[in-house]
Structure formats: C-alpha cells, structure tokens
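Student: Quick one: this structure, given as structure tokens, is what I'll be asking you about.
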Amino acid sequence: MQIDRFVEKDVVITAVRGRLDSSTSPKLDEFMAVIPDGSSVLLLDFAELTYISSAGLRVVLKAAKLAKGSGVTLAICGLIPPVHEVFDVSGFSTLIPIHPNRDAALATLG
C-alpha cells in the first residue's frame, strides 16, 4: 500500500493505493491520527484502492470520529465498484459522504 498526502483547494487529500487490510491499515491509521493544523476538510481518495477489509473499515471509522470530534469534515472519493459495495453493505456510505471522484469532491468541499 502507498499513501500520499497533499493539499488541493484547501482540502487535505490522502490518496491510498493498493490493499487496505490488517497488515497495511496501521500505516493509514498513523496518517489519519494527525489532522494538519488549520485543516477543515479531509478527503480520502480511494480511486486506486483495490481492496478494503474490516481492519481498513475500522481505520476509516476511527478517522471519521476523530475528524468529527475536531470539527473537521471527512469525505471519501473514487471508490471502485467492489470497494463501494463494501461501504454500502457495511453501512459506511450512510455515515461518510462519498463522491464519485476527486474533482466532484473538490467542487463540493473546496
């Protein structure tokens, strides 16, 4: 798994590539535990995320709770159909705003 973090239109974007499972989720957990100073919007770009397990979902839920507690908006974009299905079945798609792609998310959030 590879993680990149950058800012675009005042939105802190965390782009994740590869698999998010029990062996890789601690790395994303470290990234999401730190909300950059002055941030009001965090976007998880999962366009290149090929798989997410329950361990990955736990990291996303933990990040959503941390963001909410800090007054920061957390959103997700770019879910491929199999990953989107996991979010739908688990109920996460009702908890966290999901945008079809980064451009759509930035148009709404940025």
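The values are calculated or read from the model by the stated rules, or taken from the named source; none is laboratory data. Please read these numbers as outputs of a predicted model, since none were measured by experiment. Here the Cβ positions follow ideal geometry from the backbone for every residue, glycine too, while neighbour counts run over all protein chains shown. To get the accessible areas, we keep the full protein, side chains included, count just its heavy atoms, and leave off ligands, DNA and RNA. Shrake-Rupley method; radii C 1.70, N 1.55, O 1.52, S 1.80 Å.
Student: Considering only the range 96-107, how many residues are assigned to a helix (DSSP H, G or I), under 13 Å from L44 (Cβ atoms) and open to solvent by 30 Å² or more (accessible area, probe 1.4 Å)?
Tutor: Qualifying residue count for the region: 1.
Student: In the range 64-75, how many residues are more than 10 Å from the chain's Cα centre (by Cα), surrounded by 15 or more Cβ atoms within 10 Å (Cβ to Cβ) and outside any helix (DSSP H, G or I)?
Tutor: Final tally of qualifying residues: 2.
Student: Just give me the residues in the range 31-63 being at pLDDT below 95 and open to solvent by 20 Å² or more (accessible area, probe 1.4 Å), in sequence order.
Tutor: Correct list: F31, A33, V34, I35, P36, D37, G38, S39, S40.
Student: If you take the residues of the range 76-91 that are more than 11 Å from the chain's Cα centre (by Cα) and either closer than 18 Å to Q2 by Cβ or aromatic (F, W, Y) (or both), which of them is most open to solvent (accessible area, probe 1.4 Å)?
Tutor: Checking each candidate, the answer is I80.
Student: Could you grab the pairs with beta carbons closer than 9 Å, sequence gap of 6+ or different chains, first residue in the range 79-92 and closer than 17 Å to R17 by Cβ and modelled with pLDDT of 95 or more, second one assigned to a helix (DSSP H, G or I) and among the charged types (D, E, K, R)?
Tutor: Close Cβ pairs satisfying both conditions: L79/E85.
Student: A further question follows. Quick check on the range 1-26: of everything there that is of a type in the set (G, A, S) and part of a strand (DSSP E or B), which residue is farthest from the chain's Cα centre (by Cα)?
Tutor: The selected residue is G18.
Student: Further, regarding this structure: What's the number of the only condition in (1) touching a residue at least 24 places away in the same chain (Cβ under 8 Å); (2) out of contact with any Leu (no Cβ under 6 Å at 6 or more places or on another chain) that E30 fails to meet?
Tutor: Every condition holds for E30 apart from (1).
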